[in-house]
Amino acid sequence: MNVETLNLSTSHGETTAHVARPETTSAGIILIHEWWGINDHIRDLAGRYAKEGYLCVAPDLYRGRIAHDTAEASAFMQALAIDDGLETIRNAMDAAAETYQTERFAITGYCMGGTFALRAACEIPEVKAAAPFYGDTPEEKVLAKLKVPTLFIAGKRDAWINEEKVRQLQEVAAKYNLPVEVVSYDADHAFFNDTRPQVYDAEAAADAWQRVLEHFRKYLG
């Protein structure tokens, strides 16, 4: 596995993407970080995808900043405009396609990253599959555009992306016949993050990981 940095240029400023890649790959995963930024956990996740044979590209939506507490993380997230994040994601896909000759991409993300992953799946038609983890959903007119096969991972004890929000997602998906499958675990928000023992759920995380890999294999090969 190789670990590299990909330079990105956007209208909002320069940034980078953390890249983990196997020796040979035919498909890529765009990994969107939590509200903490590109930290060790995100780099570890990129490596996990690379070990499964995928080029994993994690664009830095915070341009080098890493939050050290929830107040700072919340401030960073609130200051990040949707169009800024989406432009960075688009640029990361384009740069990765050009640099690594990879044409097929799926997208995933966690917490804030799940919000951006789902939004990107609605607005970037080149994405082949999506697996957002406990992210917020866009407004109905945006969600209605979703054509990407999407596996939405939720936690039943999540106070932010709560059961009401998940139910609303399912109702809109049914209304527009959207390709959305929801899997809810008896777990808290951020249950996939094994660096946070207060919320990490090993059993739910292991099952979700296998489901996501199966989803990506189905649509990426």
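The values are calculated or read from the model by the stated rules, or taken from the named source; none is laboratory data. In this text, all values refer to a predicted model and were calculated from it rather than measured experimentally. Neighbour counts run over all protein chains shown; Cβ positions are idealised from the backbone, glycine included. For the accessible areas, the whole protein counts, side chains as well, though only heavy atoms, and no ligand, DNA or RNA atoms are used. Shrake-Rupley method; radii C 1.70, N 1.55, O 1.52, S 1.80 Å.
For the reader, a short list of remarks on this structure follows.
- Pair list, Cβ < 7 Å and 6+ apart or interchain, from the range 1-19 residues that are within 20 Å of Asp44 (Cβ to Cβ) and without any contact (Cβ under 8 Å) to a residue 40 or more places away in the chain to residues that are open to solvent by 20 Å² or more (accessible area, probe 1.4 Å) and not charged (D, E, K, R): Thr5/Thr16; Thr5/His18
- Filter result for Val212 (in contact with a helix residue (DSSP H, G or I) (Cβ under 9 Å, 6 or more places away or on another chain) and under 26 Å from Glu140 (Cβ atoms)): no
- Residue pairs whose Cβ atoms lie under 7 Å apart, separated by 6 or more positions or on different chains, with the first residue in the range 50-65 and open to solvent by 10 Å² or more (accessible area, probe 1.4 Å) and the second at pLDDT 95 or above and among the polar types (S, T, N, Q), are Asp60/Thr15; Asp60/Thr16; Arg63/Thr15.
- All positions within the range 158-198 that are open to solvent by less than 30 Å² (accessible area, probe 1.4 Å), among the small types (Gly, Ala, Ser) and either more than 17 Å from Arg211 (Cβ to Cβ) or at pLDDT below 95 (or both): Ala173, Ala190
- Considering residues of the range 78-97 that are under 16 Å from Ile42 (Cβ atoms) and free of Cβ contacts under 8 Å to residues at least 60 places away in the same chain only, the residue surrounded by the most Cβ atoms within 10 Å (Cβ to Cβ): Ile89
- If you go through the range 78-90 and pick out every residue that is over 14 Å from Ile29 (Cα atoms) and assigned to a helix (DSSP H, G or I), you end up with 9.
- Residues being of a type in the set (Asp, Glu) and open to solvent by 70 Å² or more (accessible area, probe 1.4 Å) - total across the range 199-221: 2
- Any hit, the range 98-110, residues being in contact with a strand residue (DSSP E or B) (Cβ under 9 Å, 6 or more places away or on another chain), part of a helix (DSSP H, G or I), farther than 15 Å from Leu61 by Cα and touching a residue at least 60 places away in the same chain (Cβ under 8 Å): yes
- Test for Thr70: is it among the β-branched types (Val, Ile, Thr) and touching a helix residue (DSSP H, G or I) at 6+ places or on another chain (Cβ under 8 Å): no
- Complete set of residues in the range 190-216 that are touching a His at 6+ places or on another chain (Cβ under 8 Å) and touching a residue at least 40 places away in the same chain (Cβ under 8 Å): Asn193, Asp194, Thr195
- Residue count for the range 9-42, restricted to those that are more than 19 Å from Arg119 (Cβ to Cβ), crowded, with 17+ Cβ neighbours inside 10 Å and charged (D, E, K, R): 1
- Residue that is assigned to a helix (DSSP H, G or I) and free of Cβ contacts under 8 Å to residues at least 12 places away in the same chain, where the choices are Ala46, Ala75: Ala75
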